[in-house]
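Asks: The structure that follows is given in the form of structure tokens.
The values are calculated or read from the model by the stated rules, or taken from the named source; none is laboratory data. Bear in mind that the values here come from a model prediction, so they are computed numbers and not experimental data. A quick note on method: Cβ atoms are made from the backbone with ideal geometry, for glycine too, and the neighbour counts reach across all protein chains shown. The protein model used for the area step is the full one, side chains on, heavy atoms only, and it has no ligands, DNA or RNA in it. Shrake-Rupley method; radii C 1.70, N 1.55, O 1.52, S 1.80 Å.
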Amino acid sequence: MSLGGGDALQSLRDWRDRINHVHLKDLRLDILRGVIADRADMPEAWRRGVFCELGAGDVDLDSFVGELLGSGYAGWLVIEQDWVPRPQDDITLADEAQVRNRRWLADHAGL
């Protein structure tokens, strides 16, 4: 929602009764602005790291997750951090990032 310029928290409030699964991501708006300015595509946005670890970007995840769980939501919560690795990238970095994402969920959402 945030990637497209929408307000994720307001969307949750508006459509809560229709939501049965959530793809939770964080993103960096500075990178998104650069991608837009360069008229780049989504694979390039992924390569540049527009999606980042939970809590490291510009989405107010604490408020979103708090509202989601406070509403009694019991559906799927899919954690995504889209990344297109380059040949020189160390793939273990993706594993380590997911460990930190799970830690963020434990610390901030009790999950």
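Asks: Karplus couplings for segment 80-85 from phi (6.51 cos²θ - 1.76 cosθ + 1.60, θ = phi - 60°), rounded to Hz, Gly and Pro as x?
Replies: Working through the residues one at a time gives 10, 9, 4, 8, 9, x Hz.
Asks: Now, a different point. Helix-only estimate, please: 222 nm mean residue ellipticity of the chain, summing -39500 (n - 2.57) across DSSP H runs of length 4 or more and dividing by its residues, to the nearest 500.
Replies: Working: 5 runs with 52 residues, N = 111.
Helix-only estimate at 222 nm: -14000 deg cm²/dmol.
Asks: Can you work out the accessible area per residue across segment 29-88, with the rest of the protein chains kept in place, probe 1.4 Å, in square angstrom?
Replies: Values: 3590 Å² over 60 residues.
Normalised by residue count, the accessible surface of segment 29-88 is 60 Å².
Asks: Over the Cα atoms of the chain, what is the Rg over Rh ratio if Rh follows Kirkwood? Could you put the intermediate results ahead of the total?
Replies: Numbers: Rg = 14.7 Å, Rh = 15.0 Å.
Ratio of gyration radius to Kirkwood radius for the chain: 0.98.
Asks: Report the paramagnetic label zone for residue 108: residues of segment 19-36 whose backbone N is under 15 Å from a point 7 Å from Cα along the Cα-to-Cβ axis.
Replies: Flagged as within label range: 23-29.
Asks: Using the Cα centre of the chain as the reference point, and only Cβ charges (+1 on K/R, -1 on D/E), how large is the resulting charge dipole? Debye, rounded to the nearest 20. Don't skip to the end; give the middle numbers.
Replies: Details: 13 positive and 20 negative charges, 29 e Å.
Dipole of the chain, to the nearest 20 debye: 140 debye.
Asks: Go through segment 1-70 and name the trypsin sites (Lys or Arg not before Pro) that are in a DSSP coil and have 11 or fewer other Cβ atoms within 10 Å of their Cβ.
Replies: On the way: sites: 13, 16, 18, 25, 28, 33, 39, 47, 48; in loops: 25, 28, 39.
Taking segment 1-70 and a limit of 11 other Cβ atoms within 10 Å, the loop trypsin sites (Lys or Arg not before Pro) found are 39.
Asks: Please list, ordered by chain and number, the residues whose modelled amide H lies under 5 Å from the amide H of residue 77; skip anything fewer than 5 residues away on the same chain.
Replies: 22
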